[in-house]
Amino acid sequence: MVNKIALVESENIKKSALKFNIGDTVKVYVKIIEEDKTRIQSFEGIVMRKHGSGLGSTFTVRKVSYGEGLERIFPFNSPFVERVVVVKPGKVKRAKLYYLRKKIGKAGKVQEGVRAETPTGQGEAGAAQAQA
């Protein structure tokens, strides 16, 4: 007998994988529906954690606005999450960044990491020529 839960999850899971890590500063574009209008609202902050697997997986983004910390939990497979853009990669040594809740000002920042990605459609030789 086929596992019915896995069948339902495979139908509803997003095909495009969101590629970001914990500590990255991301901009999440969320679809907001107000009466008969829809609009896109952005939420920019640091990814504090990823949680779960499959259809119920989520990620938490934290930002500080006017001195007040805001955390928002987004489901990976939500139809309201339009896209997630990595603004700058972060370099952290932990899987959950709960310690950022207690930090104030510059102490609450994450070190900027470096990601080496090859340009699309090029191998290592093409990437070396692009850098030169």
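Read-outs throughout are calculated quantities, based only on the coordinates presented, and are distinct from any laboratory measurement. None of the values given here were measured: they were computed from a predicted structure. All Cβ positions, glycine included, derive from the backbone under ideal geometry; neighbour counts span all protein chains shown.
Determine, for each peptide in 61-70, 4-13, 21-30, the mean count of other beta carbons within 10 angstrom over its residues, then list the peptides with the highest first. Write out the running numbers ahead of the final one.
Values: 61-70: 12.6, 4-13: 10.5, 21-30: 18.7.
Per-residue mean Cβ counts within 10 Å order the peptides as 21-30, 61-70, 4-13.
Could you give the length gained by full extension between ILE5 and LYS31, i.e. 0.36 nm per residue of separation minus their alpha carbon distance, to one decimal place? Intermediate values should be presented prior to the final figure.
Numbers: separation 26, 0.36 × 26 = 9.36 nm, distance 2.73 nm.
6.6 nm is the gain from fully extending ILE5 to LYS31.
When we measure straight from the Cα of LYS91, which aspartates and glutamates land under 14 angstrom away, once same-chain ones fewer than 8 places off are left out?
Of all the aspartates and glutamates, those that pass the test against LYS91 - Cα under 14 Å, at least 8 places apart if same chain - are ASP24, GLU112.
For the chain, what's the relative contact order in percent, using C-alpha pairs closer than 8 Å and at least 6 residues apart?
Details: 202 pairs, mean separation 30.1, N = 132.
Relative contact order for the chain comes out at 23 percent.
Go through region 32-47 residue by residue and turn each phi into a ³J(HN,Hα) via Karplus (6.51, -1.76, 1.60, θ = phi - 60°); whole Hz please, and just put x for glycine and proline.
Along region 32-47, the couplings run 10, 10, 10, 6, 9, 10, 10, 9, 10, 10, 9, 9, 10, x, 9, 6 Hz.
Please list, in order along region 98-112, the HN-Hα scalar couplings obtained from phi with the Karplus expression 6.51 cos²θ - 1.76 cosθ + 1.60 (θ = phi - 60°), rounded to whole Hz, x for Gly and Pro.
5, 5, 5, 5, 8, 7, 10, x, 5, 5, x, 8, 10, 4, 7
Pairs LYS50/LYS88; LYS4/LYS31; LYS63/LYS88: which are spaced more than 20 Å apart, C-alpha to C-alpha?
Numbers: LYS50/LYS88 17 Å; LYS4/LYS31 30 Å; LYS63/LYS88 14 Å.
Pairs exceeding the cut-off: LYS4/LYS31.
Short version: ³J(HN,Hα) in whole Hz for each residue of region 48-64, in order, from phi by Karplus 6.51 cos²θ - 1.76 cosθ + 1.60 (θ = phi - 60°), x for Gly and Pro, what are they?
Once rounded to whole Hz, the list reads 8, 7, 10, 9, x, 8, x, 5, x, 6, 9, 9, 10, 10, 10, 9, 10.
Near the amide H of VAL81, under 5 Å away, which other amide H atoms are found, from residues 5 or more places off or on another chain, if H is placed in the peptide plane?
LYS31
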